Amino acid sequence: MNLMKTLLLLGASNVFMTFAWYAHLRNLNNKVLWVAILASWGIAFFEYIFQVPANRIGFNEAGLSLAQLKILQEVITLSIFIPFAIYYMRQPISLNFLWASFCMVGAVYFIFR
């Protein structure tokens with residue numbers, strides 16, 4: 001149950017962070033840089049609302065190590081980033097997404113074995 005809470009919170013956190021980091025490239029590209037920075041910080045605030053509890057629950061209650069938390073976060077980031085890049089940012093699908101996914105599967109295997 002605590003692992004599921006951790007995964008869901010990290011997922012929500014990464015949705016906000018992906019938008020904070022990259023959505024300004026599409027939505028605010030014609031605005032001055034400080035507007036994009038402030039908008040991204042505003043979005044990132046919500047990322048931390050989910051990320052901090054996710055890491056606390058994962059570490060203290062689910063018994064995950066720091067390295068395991070980090071690898072989970074990276075896998076979740078990639079699983080959110082790929083659809084974001086394709087559907088929201090309209091980037092072309094590339095085999096590099098597949099290769100990166102295989103590398104992440106390997107990382108999960110090695111960190112959890």
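What do you reckon, is P83 outside any helix (DSSP H, G or I), at pLDDT below 95 and within 22 Å of M17 (Cα to Cα)?
When the stated conditions are applied, P83 does not pass them.
For the subset of the range 86-104 comprising residues that are in a helix (DSSP H, G or I) and in contact (Cβ under 8 Å) with a residue 12 or more places away in the chain, which member is nearest to V52 (Cα to Cα)?
Only one residue tops the list, namely M104.
Among the residues of the range 35-62, how many are over 10 Å from S13 (Cα atoms), in contact (Cβ under 8 Å) with a residue 40 or more places away in the chain and small (G, A, S)?
Of the residues in that region, 2 qualify.
Out of L8, L69, which single residue is within 13 Å of the chain's Cα centre (by Cα), of a type in the set (A, V, I, L, M), assigned to a helix (DSSP H, G or I) and surrounded by fewer than 15 Cβ atoms within 10 Å (Cβ to Cβ)?
Of the residues listed, the single one that is within 13 Å of the chain's Cα centre (by Cα), of a type in the set (A, V, I, L, M), assigned to a helix (DSSP H, G or I) and surrounded by fewer than 15 Cβ atoms within 10 Å (Cβ to Cβ) is L8.
Can you tell me which residue is surrounded by the most Cβ atoms within 10 Å (Cβ to Cβ) among those in the range 44-66 that are of a type in the set (S, T, N, Q) and over 16 Å from T77 (Cα atoms)?
Within the range 44-66, the match that is surrounded by the most Cβ atoms within 10 Å (Cβ to Cβ) is S65.
Can you tell me how many residues in the range 11-43 are within 14 Å of T77 (Cβ to Cβ) and either of a type in the set (A, V, I, L, M, F, W, C) or exposed (fewer than 13 other Cβ atoms within 10 Å of the Cβ) (or both)?
The number of residues fulfilling the criteria is 7.
The values are calculated or read from the model by the stated rules, or taken from the named source; none is laboratory data. Note that the coordinates shown come from a computational prediction; the quantities given were computed from them, not determined experimentally. A quick note on method: Cβ atoms are made from the backbone with ideal geometry, for glycine too, and the neighbour counts reach across all protein chains shown.
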